Amino acid sequence: MLTWNSIDTFDLNSDLIESVRSRVESRHYSDAISAGFKFLSNTLREKGNSEGDGASLVGQVLGGQAPAIRLNLLQTTSEKDEQKGIEQLVRGLYIGIRNPRSHENFDDDEDFCIRIIVLIDTVLGFLNRNVSDFDIEEFVCRIYDPHFVSTTEYAEALVAPVPATEALTVFQQAFSRRQEGNGSEIKYVFHALYQKMTEANIAEVMSEISSALKNETETSDIAEIFRLFRKDMWQLLDEDVRMRMENLIISACQKGRYNAFGGLQAGGIGSWGNRYGKYFSQRKDLADILIRKLSNDWYTQNYVGKYYLRSLPVIIRGKTKREEAANALTYALLINKANILRNQFKKVCSNYPERWKESLRISIQEESDSDTDYSEEILELLQ
C-alpha cells in the first residue's frame, strides 16, 4: 500500500507535491486528486499557450498534426505513436478520474490518491521534456525567402510546425526584419502566427507595433506595418498611437484624389480608413469627410469609389448621415457621373444593409431622370 509518508522516495515534481500536500495530510484524498489535476491543467495551458479545460484542452495542446506541446521530434512512427498515445492517456485520466470527482462525491483512500498523483507526475515528466529542435532564425529566413508563396495556404503550412510557445518570439524576430520583405506578401505569415497566440501574446504584439508606429513619419513604412496586423487588432494599439494614426489617415483621406486615367494623385495612406475606419474613435470625422468627397468632383468621388464603397455603411451611421450619404452618392453617380464610382458601386451595392438600400432607392428614384438607364440598373440591384 502506498502512503504519504513514503512520498519522498518517489522523487516527484516538487510543485505538484506542494499543490496537494495540505489536502493529503488532512486526509481529504479526493480533494487532493482534484488539486493534482488542477495543477496539470495549469501546466497544459501555460505550455500550450491555450485556454480550455479537461479532455478538450488535452486535444488542443497535445493533438493534431502540429501539436502545441511536442513530446518529441515527431519524425519517426514511434515518436508519433508516443505523442498520440500520451494524448489519449491524459484524455483518459481526465474523463475517467477527474471528471467523475467533479460531479459526484468519492471516498478515495490514501493508496489510490498516491497512485493518481504518481500518474500525474508521470505525465508532467513528458510535458517537461526539452524538445528544442525548432530553429527560429532559420524559420524567419524562410519568410523572407525570394521564393516565398504569398497565399494563406502556404503561410499556414509554413507556420504549422511553429510551437505555440515560440509564436511570439518568431513574430518579434520577423517583425524586426520586416523591411526585407513586401508587406503585401509576408502579411500571410504574420496572420497565421496570430492564430497560435494567446490574448496576452497579441497584447505584446500590439505593444511592439505601437512602438514602431509611435514616431514613424514615412507613410509607405506605416502602410507596410498596417498590413501586418488584423483589422480587429486596431483597438489594441496604444491609445496615443491609435489617435495619431487615425488623424494621419483622416487627414490624408481629406486630400485624397483619384484620376480615372492617371490613378491615385493624393491620399494613399488615407485609403486605410476603409480597413480600420469602423474602429476609429474619430469615425464621425471620417464619415463627414467621405460625404463631402462624394459631393465634390470626379477626383474625390472616384477616390471614394476606389477605396471606400464597401465600408461606407459601417463608417457612416445613423439615419441623418445615411440619408446625406445616399444623396451625395446619387449626385456622384447620376449627375456628375464619376466613372470609377459608378462601376464599383454596381459591384457592391447589392450587399449593402437594407436601411442603406432603402435610402438609396428613394434618392435615386428622385434623380432617375438624370440617367434613366443607369438608375434602372442600380434600382434593380438594390431590390
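Laboratory data are not the source of any read-out in this text; all were calculated from the coordinates shown. All values derive from a computational prediction rather than experimental measurement. We place every Cβ from the backbone using ideal geometry, glycine too, and count neighbours over all the protein chains shown.
Quick notes on this one:
- In loop segments of segment 130-233 as defined by DSSP, the trypsin sites (Lys or Arg not before Pro) with at most 15 further C-beta atoms inside 10 Å of their C-beta are Arg177, Arg230.
- Ordered by the number of other Cβ atoms lying within 10 Å of each residue's own Cβ, fewest first, His147, His28 fall into the sequence His147, His28.
- Backbone HN-Hα couplings from phi across segment 4-13 [Karplus 6.51/-1.76/1.60, Hz, Gly and Pro as x]: 5, 5, 9, 5, 5, 6, 8, 6, 8, 4
- 21 Å Cα-Cα threshold exceeded, pairs from Lys255/Lys293; Lys255/Lys284; Lys187/Lys346; Lys187/Lys231; Lys284/Lys319; Lys293/Lys337: Lys187/Lys346
- Orientation-averaged projection of the chain equals 26.0 nm² [convex hull of Cα atoms, one quarter of hull surface area].
- From its DSSP helices (H runs of at least four residues, each -39,500 (n - 2.57)), the chain gives a residue-normalised ellipticity at 222 nm of -18500 deg cm²/dmol.
- For Asn259, distant residues with modelled amide H under 5 Å away: Leu264, Gln265
- Along its three principal directions, the equivalent ellipsoid of segment 99-138 from the Cα gyration tensor extends over semi-axes of 36, 13, 4 Å, largest first.
- Relative to the longest principal axis of the Cα atoms of the chain, helix 283-294 runs at roughly 30 degrees.
- Burial ordering of Met233, Met245, fewest other beta-carbon atoms within 10 Å first: Met233, Met245
- With neighbours defined as other Cβ atoms within 10 Å of a residue's Cβ, the residues Ile202, Ile289 order from fewest to most as Ile202, Ile289.
- Phi angles of segment 66-72 translate, via the Karplus equation with coefficients 6.51, -1.76, 1.60 and θ = phi - 60°, into HN-Hα couplings of 10, x, 5, 10, 8, 8, 7 Hz per residue; Gly and Pro are given as x.
- Degrees between helix 110-127 axis and first principal axis of the chain (Cα, 0 to 90, nearest 10): 50 degrees
- The relative contact order of the chain, computed from alpha carbon pairs under 8 Å that lie at least 6 residues apart in sequence, is 10 percent.
- Global geometry of segment 255-383, whether rounded, prolate or oblate, following the gyration tensor of its Cα atoms and the 1.5 cut on a/c: oblate
- Degrees, to the nearest 10: 77-93 long Cα axis against longest axis of the chain: 80 degrees
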